[in-house]
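The values are calculated or read from the model by the stated rules, or taken from the named source; none is laboratory data. Bear in mind the structure is a predicted one, so any value in this text is a computation, not a measurement. Glycine gets a Cβ as well: all are built from the backbone with ideal geometry, and neighbour counts include every protein chain shown. Surface areas here come from the heavy atoms of the whole protein model, side chains and all, with no ligands, DNA or RNA. Shrake-Rupley method; radii C 1.70, N 1.55, O 1.52, S 1.80 Å.
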Amino acid sequence: MLKKAKLLEIFFIVIIALAAYLLHLKQEFYLVHILSLAGIYVLLALGLNMVIGYTGLLDLGFIAFYAIGAYSAALLSSKGFSFWAILPISILITCAFRFLLGKPLMRLRGDYLAIVTLGFGEITRLILNNWDALTNGPKGLPRVGETIRPITLFSFHLNSEISYFYLILFFVAASIFAIRRIERSKIGRAFVAIREDEIAAEAMGINTSYIKLLSFTISAVFAALAGVIYAHWIGFVSPESFSFWESVFLVCMVVLGGMGNILGIIFGVILLVGLPEFLRITLGGEFVLYRMLLFGLLMVIMTILRPQGIIPEKRRALELKD
Amino acid sequence: MANSAIIFPELVNGITLGAIYALISLGYTMVYGVLLMINFAHSEIVMAGAFFGLFLLSFFLKFTFFQNNLLLLLTSVFLLSMCVSGILGAAIERLAYRPLRKTNRLMPLISAIGVSLFLQNLFMLTLSPEAKPYPSVFPAVNFQLGAVTINSIQIFIIIISILFMVALEYFVNRTKLGVAIKATSSDIETAKLMGINTNSIISLVFFIGAALGGVAGILVGMYYGSIKYNMGFTYGIKAFTAAVLGGIGNIPGAMLGGFMLGILESLGAAYISSAYKDVFAFIILILVLIFKPTGLLGERAQDKC
Amino acid sequence: MFFAAENISKNFEGLKVLDHVSLEVGEKEILALIGPNGAGKTTFFNILSGIYTPTEGKIRFKGKSIAGLASYQIAERGIARTFQNLRLFPQMTVLENILSGFFFKTRYGLADALFKTKRFKQEEEKDVREACEISGFIGLKNKENELARNLSYGEQKKLEIARALALDPSLLLLDEPTAGMNHKETENMIDLIRKIREGGIAVILIEHDMKVVMNISDRIIVLDYGETIAEGRPEEIRNNEKVIEAYLGKRT
């Protein structure tokens, strides 16, 4: 039981050590970039895992809320808001969307819910693509002549790749910390109970529609967080980053890594974001083309041979009180 | 003001698209009927079918014999590509879904998405990431029926679709195998007890659904004159919407839903906004699922616990 | 009356599964619901626990109407149930299964959990202590941290009752508690049900094992084809001709 916690700790120590090491090798721009990207995906996958892994709701439109986070950040930033003001506002906006869209869906059966979320995801993308007045259409944001202001922290400008990596790392760590607290509360247990057997959960006095909506809404915090950071880091957002296949890519990470297991999720992200980059470097650019083909195949094989993922969920033993 | 000069071409276009949606939606609805599963990869069958049709057409058109005999050309192309699509559909079920039959309902869906991703990329990598032109088999001649203008390709698509739908209705209701499909669809356990080999029936359902999806793929190619590796997704989601609209699991419902969606979408594109054309289908899908999940003709009761 | 269901009817797609069934239960009473397969017993349970809404009929519990309430609201009001085919949370531990029943009583929110407030710690500690008490009472001591799916069948049956008891119910609905159990396990279950009743909980049970039914019930109601065909004390039911007919299928 202690093992898992320890493993997680070791993992973080390694990451932090690695980051410190990178600090001395500032010229490793590309590696830092990939790690930051992986960090963004970890945030997204952690959020999606709350819905899929803990609560058992298959969400195929999660990327839409990442988009809402990123777009709201880009819009607010060009209006002069700072990152630290944008962060809570964007999270609030994204969660509000998520809540309102989620509310009527909570009675739907699992596979129907999946298709409806897919629908919302596509509608969002189509709106981003077509509502020129707000989103500047396919050209993306910011518009010509506008910029996304860099993040400042104590009069310190974050403008290097490594500084963004540290920022992302900080938010990933904070997210994991928060998710673990939720996981180990009655709310986290209610999520899992719903996943395990919704009718039984309801019969145990759990208002399942409400709790599902809660899980659905909280998950958007992480999507928004990822979106806001992404917009500031890359300095540009456009609809093509938020396609249905991005949502599928995320689902793939969660399923592959291990639904319901934070460590598994991180592993899934590293596997899907990191490995292709590694193989690209070792095997050449050709490989990238086969990436998605391989992921599709992996999804099928994993669901059949190891549906619990590479690192399966492990329930924590509670300290007994006699 | 509804101007007939605009409404008729749009209506004809809508009915043509509707016929295609209806044909595809049969695959979703039949599979859902027997397995209660959304066959997400069905959209890639449509794409694959379009490519199979393309190969066959290009191949047969090399022979003057076929060039001079349109009926024989079309019959061979359709039948052969239906077989290949059908086998692909049944093979997907056998390999990617059957091992998951006893797990929870999300696993087959995830596997299906994996299949979809795989097939799309397979076709992109092995064939082309670009759109491929579709050979035109016969010229698009315009016909004037009163105020309605309709071209020969539209007529062909509508006739072919209706022909296959009628054939399917006949098969399901009037033949022994068809009745076995219906029995499996209404209660798989009871069907098993009655001595029906439900595994073969499920394979058959996937075969038929995929064969019809493949036909739809060819029709799309003929209608628009080009096909692409990622064309399946949009048709798939619209056909699924049609199936839900008509009442999932219900064959006549899928046909009704297909035509309705095609018409609604074309009129919406003409009168509201063409940029948001694809949004209409999604909105219809969401509204139907929320407010009337049994669809127009569906009578499937809620799952019992 | 403590609990009364009056004239409950339920139709499924035009098929009448229950036809004006009524029953009353007194405090601390054990009532058995018996009848051949397909008589509508489980449907009746599903109505009492709010999974189905009755087509017709009233349900009153502790003087208030509960018909039409959601399943979780009925659970909150003190009616707990088990299921015919186990419906545990298999990937959760025994303790977590029991804790799920405390969900609505536990007084802390999301913020308390995030910041691990004093209230959070107190409430969690209290819940775990009470859950351990229940597991001890039910006979699952030292299995608390095992996954539910790793328990034996008999233990899973017990766990389902433990989880129901966590709701602190005053009425417990047991759907075939001894199904699939051997002689010894059945004896234990009978003792357990008695103990539960002594704790002040009324019990309605669906049961096929006549020895169990005759042994522990205060009263028995017999359903056949959705209708009540007999009601009375065990000795009255034992010799009721209609009941014997229903079970042996001697209808003309």
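So how many residues does the stretch A:276-295 have that are away from chain B (no Cβ under 12 Å) and free of Cβ contacts under 8 Å to residues at least 60 places away in the same chain?
In the first step, residues of the stretch A:276-295 are kept if they are away from chain B (no Cβ under 12 Å); the result is A:276-285.
Okay, now just the ones that are also free of Cβ contacts under 8 Å to residues at least 60 places away in the same chain, so A:276, A:278-285.
Total satisfying the criteria: 9.
For the stretch B:197-234, which positions are among the aromatic types (Phe, Trp, Tyr), open to solvent by less than 30 Å² (accessible area, probe 1.4 Å) and over 22 Å from B:Lys176 (Cβ atoms)?
Just the residues of the stretch B:197-234 that are among the aromatic types (Phe, Trp, Tyr), to begin with: B:206-207, B:223-224, B:229, B:233.
With open to solvent by less than 30 Å² (accessible area, probe 1.4 Å) added as a condition, the list becomes B:206, B:233.
The one that is among the aromatic types (Phe, Trp, Tyr), open to solvent by less than 30 Å² (accessible area, probe 1.4 Å) and over 22 Å from B:Lys176 (Cβ atoms): B:Phe233.
Would you check if B:Gly236 is within 19 Å of the chain's Cα centre (by Cα) and not in a helix (DSSP H, G or I)?
No: the conditions fail for B:Gly236.
Just to be sure before I move on: is A:Ile162 closer than 30 Å to A:Glu9 by Cβ and surrounded by fewer than 21 Cβ atoms within 10 Å (Cβ to Cβ) in the structure I sent?
yes
Answer with yes or no whether A:Ile310 is more than 9 Å from every other protein chain (Cβ to nearest Cβ), in contact (Cβ under 8 Å) with a residue 24 or more places away in the chain and surrounded by fewer than 17 Cβ atoms within 10 Å (Cβ to Cβ). Walk me through it before giving the result.
On the way: more than 9 Å from every other protein chain (Cβ to nearest Cβ): yes; in contact (Cβ under 8 Å) with a residue 24 or more places away in the chain: yes; surrounded by fewer than 17 Cβ atoms within 10 Å (Cβ to Cβ): yes.
Yes; evaluated as a whole, the condition is true for this residue.
How do the helices (runs of 4 or more DSSP H) wholly within the stretch A:131-205 filter down when requiring 2 or more residues that are of a type outside the set (Lys, Arg) and within 12 Å of chain C (Cβ to nearest Cβ): which remain?
Hits in the stretch A:131-205: A:161-183, A:186-196, A:198-203.
Does the stretch B:49-89 hold any residues that are β-branched (Val, Ile, Thr) and farther than 14 Å from B:Ser136 by Cα, and which are they?
Listed by number, the residues that qualify are B:Thr64, B:Thr75, B:Val84, B:Ile87.
State all residues of the stretch B:178-196 that are exposed (fewer than 15 other Cβ atoms within 10 Å of the Cβ) and under 21 Å from B:Leu23 (Cα atoms); if no residue qualifies, say none.
Once the filter is applied, which keeps residues that are exposed (fewer than 15 other Cβ atoms within 10 Å of the Cβ) and under 21 Å from B:Leu23 (Cα atoms), the stretch B:178-196 yields only B:Val179.
Find the residue count for the stretch C:158-168, including only residues that are open to solvent by less than 10 Å² (accessible area, probe 1.4 Å) and assigned to a loop (DSSP other than H, G, I, E, B).
Residues in the stretch C:158-168 being open to solvent by less than 10 Å² (accessible area, probe 1.4 Å) and assigned to a loop (DSSP other than H, G, I, E, B): 2 in total.
Considering (1) buried (at least 17 other Cβ atoms within 10 Å of the Cβ); (2) in contact (Cβ under 8 Å) with a residue 60 or more places away in the chain; (3) within 16 Å of the chain's Cα centre (by Cα), say which one A:Leu271 fails and leave the rest.
Result: A:Leu271 passes all but (2).
What is the residue count in the stretch C:78-122 for residues that are within 18 Å of C:Phe2 (Cα to Cα) and facing chain A (nearest Cβ under 9 Å)?
The number of residues fulfilling the criteria is 2.
Can you give me the number of residues within the stretch B:43-59 that are open to solvent by 10 Å² or more (accessible area, probe 1.4 Å) and in contact with a helix residue (DSSP H, G or I) (Cβ under 6 Å, 6 or more places away or on another chain)?
Adding up the residues that qualify gives 2.
Yes/no matrix, rows are residues, columns are (1) in contact (Cβ under 8 Å) with a residue 12 or more places away in the chain; (2) touching a Phe, Trp or Tyr at 6+ places or on another chain (Cβ under 9 Å); (3) surrounded by fewer than 22 Cβ atoms within 10 Å (Cβ to Cβ); (4) not in a helix (DSSP H, G or I):
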{"position": "C:Leu95", "(1), (2), (3), (4)": "yes, no, no, no"}
{"position": "C:Ile98", "(1), (2), (3), (4)": "yes, no, no, no"}
{"position": "C:Arg119", "(1), (2), (3), (4)": "yes, yes, yes, no"}
{"position": "C:Gln122", "(1), (2), (3), (4)": "no, yes, yes, no"}
{"position": "C:Val128", "(1), (2), (3), (4)": "yes, no, yes, no"}
{"position": "C:Glu133", "(1), (2), (3), (4)": "no, no, yes, no"}
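I'd like to verify a number: residues in the stretch C:144-175 that are of a type in the set (Lys, Arg) and within 11 Å of chain A (Cβ to nearest Cβ), how many? So that I can check it myself, show each step before the final result.
We begin by selecting, within the stretch C:144-175, every residue of a type in the set (Lys, Arg); these are C:149, C:157-158, C:163.
From the residues that got through so far, the ones that are within 11 Å of chain A (Cβ to nearest Cβ) too are C:149, C:163.
Qualifying residue count for the region: 2.
Residues in the stretch B:112-127: is at least one surrounded by fewer than 16 Cβ atoms within 10 Å (Cβ to Cβ), within 14 Å of chain A (Cβ to nearest Cβ) and under 23 Å from the mean Cα position of the chain (by Cα)? Spell out the reasoning first.
Of the residues in the stretch B:112-127, the ones surrounded by fewer than 16 Cβ atoms within 10 Å (Cβ to Cβ) are B:125-127.
Among the residues that remain, those that are also within 14 Å of chain A (Cβ to nearest Cβ) are: B:125-127.
Adding the requirement that they be under 23 Å from the mean Cα position of the chain (by Cα) leaves B:127.
For the stretch B:112-127, residues surrounded by fewer than 16 Cβ atoms within 10 Å (Cβ to Cβ), within 14 Å of chain A (Cβ to nearest Cβ) and under 23 Å from the mean Cα position of the chain (by Cα): present.
Restricting attention to the stretch C:18-48, and to residues there that are under 25 Å from C:Gly199 (Cα atoms) and among the acidic types (Asp, Glu), which single residue is most open to solvent (accessible area, probe 1.4 Å)?
Checking each candidate, the answer is C:Glu27.
Is it the case that the stretch A:263-270 has a residue that's within 10 Å of another protein chain (Cβ to nearest Cβ) and closer than 30 Å to B:Arg98 by Cα?
Looking through the stretch A:263-270, none of the residues is within 10 Å of another protein chain (Cβ to nearest Cβ) and closer than 30 Å to B:Arg98 by Cα.
Looking at this structure, is B:Leu287 at the interface with chain A (Cβ under 10 Å from one of its Cβ atoms), of a type in the set (A, V, I, L, M), open to solvent by 20 Å² or more (accessible area, probe 1.4 Å) and over 25 Å from A:Pro138 (Cβ atoms)?
yes
I need the full set of residues from the stretch C:193-210 which are among the basic types (Lys, Arg) and exposed (fewer than 15 other Cβ atoms within 10 Å of the Cβ), in order please.
Of everything in the stretch C:193-210, those that are among the basic types (Lys, Arg) and exposed (fewer than 15 other Cβ atoms within 10 Å of the Cβ) turn out to be C:Arg194, C:Lys195.
State whether the residues of the stretch B:62-69 include one that is buried (at least 20 other Cβ atoms within 10 Å of the Cβ) and either touching a strand residue (DSSP E or B) at 6+ places or on another chain (Cβ under 8 Å) or of a type in the set (S, T, N, Q) (or both).
Going through the stretch B:62-69, the residues buried (at least 20 other Cβ atoms within 10 Å of the Cβ) turn out to be none.
Looking through the stretch B:62-69, none of the residues is buried (at least 20 other Cβ atoms within 10 Å of the Cβ) and either touching a strand residue (DSSP E or B) at 6+ places or on another chain (Cβ under 8 Å) or of a type in the set (S, T, N, Q) (or both).
Is there a residue in the stretch A:221-232 that is assigned to a helix (DSSP H, G or I), open to solvent by 10 Å² or more (accessible area, probe 1.4 Å) and within 12 Å of chain C (Cβ to nearest Cβ)?
Within the stretch A:221-232, one or more residues are assigned to a helix (DSSP H, G or I), open to solvent by 10 Å² or more (accessible area, probe 1.4 Å) and within 12 Å of chain C (Cβ to nearest Cβ).
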